[in-house]
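Written out below as structure tokens is the structure these notes cover.
The values are calculated or read from the model by the stated rules, or taken from the named source; none is laboratory data. This one's a predicted model, so the numbers in the text were calculated from it and none came from an experiment. We place every Cβ from the backbone using ideal geometry, glycine too, and count neighbours over all the protein chains shown.
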Amino acid sequence: MQHSDIITADEDWLIDLCHRSKEEGGMIGGNKHGDKVIKISEQVVVKYGYVQESEAATQELAVHAMDRNVIHIPEVYWYIESHRSLQPVGYIFGDDGAKTAFTSLDYLTRYKRLQYRNNSIDLEPYAQNLVLCHGDICRRNMIMKEDGALALVDWAYSGFYPRFFELATLTCLSPYDKEFQPLVKNEFENSLELTDQESKT
């Protein structure tokens, strides 16, 4: 299957192709109770399940924002929606996501999960410097390509937040990957060069 076939394909045909590929052993990631990743050609995979429009949008933004010589982000060809959800998700918001859409930085500042981490949190100083955060930097979301390039996948927890959110999220992940996460955390601390104010927040 060529990329042009995917771009011009009919939605129903694509959905049927995913079901057939799964039945033929094409599932390469995910689990039966959550999102699934199905390989439908040598160059194309499909993620389906509880995928939100925001994931497709932020991943597509990352494709154009990142230097491909540094990191590869898979291109998004299609997003097919069966239901809409605007709830931010990710470890920093709790296991079930935020269950709300943040309409202002003040609302995000007052969000109870963030207050649980630090009752004195104040995000106002960062209002003009929100950046795209992946939100789930872990081994399973990093793929080493044949040419040696690193690919970063699974943008389900991504969004625009103060840059230290990426580092804060790593502390939520540590129990799940005790050997890997401290190494990544150290690299983030060195490369971000957080200000004293950011570190305290």
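A few comments on the model shown:
- Restricting the stretch 12-23 to residues that are surrounded by fewer than 16 Cβ atoms within 10 Å (Cβ to Cβ) and over 21 Å from A156 (Cβ atoms), the residue that is modelled with the lowest pLDDT: H19
- Taking the stretch 124-144 as the range and being more than 21 Å from A56 (Cβ to Cβ) and part of a loop (DSSP other than H, G, I, E, B) as the test, the residues that pass are A127, Q128, N129.
- Selection within the stretch 38-51: residues that are surrounded by 15 or more Cβ atoms within 10 Å (Cβ to Cβ) and touching a strand residue (DSSP E or B) at 6+ places or on another chain (Cβ under 9 Å). The member of this set that is farthest from Y157 (Cα to Cα) is I40.
- Number of the condition not met by M142 [criteria: (1) in contact with a helix residue (DSSP H, G or I) (Cβ under 6 Å, 6 or more places away or on another chain); (2) modelled with pLDDT of 85 or more]: (1)
- Qualifying residue in the stretch 52-60 (condition: surrounded by fewer than 17 Cβ atoms within 10 Å (Cβ to Cβ) and more than 16 Å from Y79 (Cβ to Cβ)): no
- Taken over the stretch 114-123, the residue count meeting the criterion of being in a loop (DSSP other than H, G, I, E, B) and either over 29 Å from I73 (Cα atoms) or modelled with pLDDT under 55 (or both) is 5.
- Checking each residue in the stretch 24-37 for being surrounded by fewer than 16 Cβ atoms within 10 Å (Cβ to Cβ) and modelled with pLDDT of 85 or more picks out only E24.
- Qualifying residue in the stretch 131-138 (condition: buried (at least 16 other Cβ atoms within 10 Å of the Cβ), at pLDDT below 80 and closer than 24 Å to F188 by Cα): no
- Among the residues of the stretch 145-201, those identified as surrounded by 13 or more Cβ atoms within 10 Å (Cβ to Cβ), hydroxyl-bearing (S, T, Y) and either closer than 22 Å to A127 by Cβ or in contact (Cβ under 8 Å) with a residue 40 or more places away in the chain (or both) are Y157, S158, Y161, T169, T201.
- Given (1) at pLDDT 85 or above; (2) outside any loop (DSSP other than H, G, I, E, B), index of the condition P74 fails: (2)
- Checking each residue of the stretch 38-51 against the condition of being modelled with pLDDT of 65 or more, over 21 Å from A151 (Cβ atoms) and under 14 Å from the mean Cα position of the chain (by Cα) gives at least one match.
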